[in-house]
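Colleague: This structure is in C-alpha cells; I'll ask about it shortly.
Bear in mind that the values in this text are calculations on the coordinates, not laboratory data. Treat the numbers as computed from the prediction; the structure is a model and nothing was measured. Cβ: placed from backbone, ideal geometry, glycine included. Neighbour counts: every protein chain shown.
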Amino acid sequence: MKALVVIDMLNDFIAEDGLLTTGEAGREIIPFIQSKIEEFREQGYPIIFVCDNHEPDDKEFEMFPAHCIAGSQGSQVIPELEVRSGDKIIRKRRYSAFFGTELDLYLREKGIQEIHLVGVCTNICVLFTAADARNLGYPVTIYAQGVASFDAEAHRFALKEAESVLGCSIVPH
C-alpha cells in the first residue's frame, strides 16, 4: 500500500503574506497537489498532512524567521487543500517528517510500504523526509510538479540528489 505525504502546505509557507513564504513557486503547485490528493482518495490510499509546528522560542528561528508557531493561523494547512476526517495530521518541529514524530509507526501500523511526496520546501523538508524514509527502507516517489522551494537552483539540486543519491523515483510531470 502507498500513501501521499503532503509536506508543509501551510499558510506561513504558501500564503503571499506568510511569514516564510515560498512565493509564486509554492502557489503554483497547489492545483497539482489538489489533483494528486483527489487521485489518492479515489484509490482509497491514505493522505498524510505533515505540518511544521514550532514553539515560540524554537532554536530553528536562529536560522529562519519565526514561522508556523503552534496554534497560529500560519501553522494551518492552506484552505485550498481540504483536510478530511480520514486524513492523518502529523506535526513536526524539525525538517524531516520522521524526526521526533509518529510517522514511521503510523505507516507501519497501516501497512503502508511506499510513500509519495508533495509540498515544500524541496531542498529542506521534502529532501530530509525522503532521506529518512529511504534510510527506513521505504520506496519514495517525489512529484516534481508537486514540490517547490524559495530557491529554484536548490529545488533542482534537491530533486537530482533525491534521485541519484537516495534512489527516489522522480516523476517529472
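Colleague: Once phi is turned into θ = phi - 60°, what whole-Hz ³J(HN,Hα) does the Karplus curve with 6.51, -1.76 and 1.60 give for every residue of segment 41-50, x standing for Gly and Pro?
Modeller: Once θ is set to phi - 60°, the couplings for segment 41-50 become 5, 4, 8, x, 8, x, 10, 10, 9, 9 Hz.
Colleague: Let me ask something else about it. Using the Karplus equation 6.51 cos²θ - 1.76 cosθ + 1.60 (θ = phi - 60°), what ³J(HN,Hα) coupling, rounded to whole Hz, does each residue of segment 14-27 give in order, writing x for Gly and Pro?
Modeller: 10, 5, 4, 9, x, 5, 9, 5, 8, x, 4, 4, x, 6
Colleague: ILE78's amide H: which non-local residues (gap 5+, or another chain) put their own amide H closer than 5 Å, with H modeled 1.01 Å from N in plane and none for Pro or chain starts?
Modeller: Under 5 Å from the amide H of ILE78: LEU10, ASN11.
Colleague: In segment 2-171, with Lys and Arg counted as +1 and Asp and Glu as -1 at Cβ, which of these residues, VAL83, ALA131, GLY44, has the Cα nearest the positive end of the dipole, that is, farthest along it?
Modeller: GLY44
Colleague: Where Lys and Arg each count +1 and Asp and Glu each count -1, what net charge lies around VAL83 among other residues with Cβ under 14 Å from its Cβ?
Modeller: -1
Colleague: While we're here: If you add up the charges near ALA133, with Lys and Arg at +1 and Asp and Glu at -1, over every other residue whose beta carbon is less than 13 angstrom from its beta carbon, what do you get?
Modeller: 0
Colleague: Another question, then. Where does each of 5-17, 146-158 land if you order them by average Cβ count within 10 Å, highest first?
Modeller: Highest-to-lowest ranking by the protection proxy: 5-17, 146-158.
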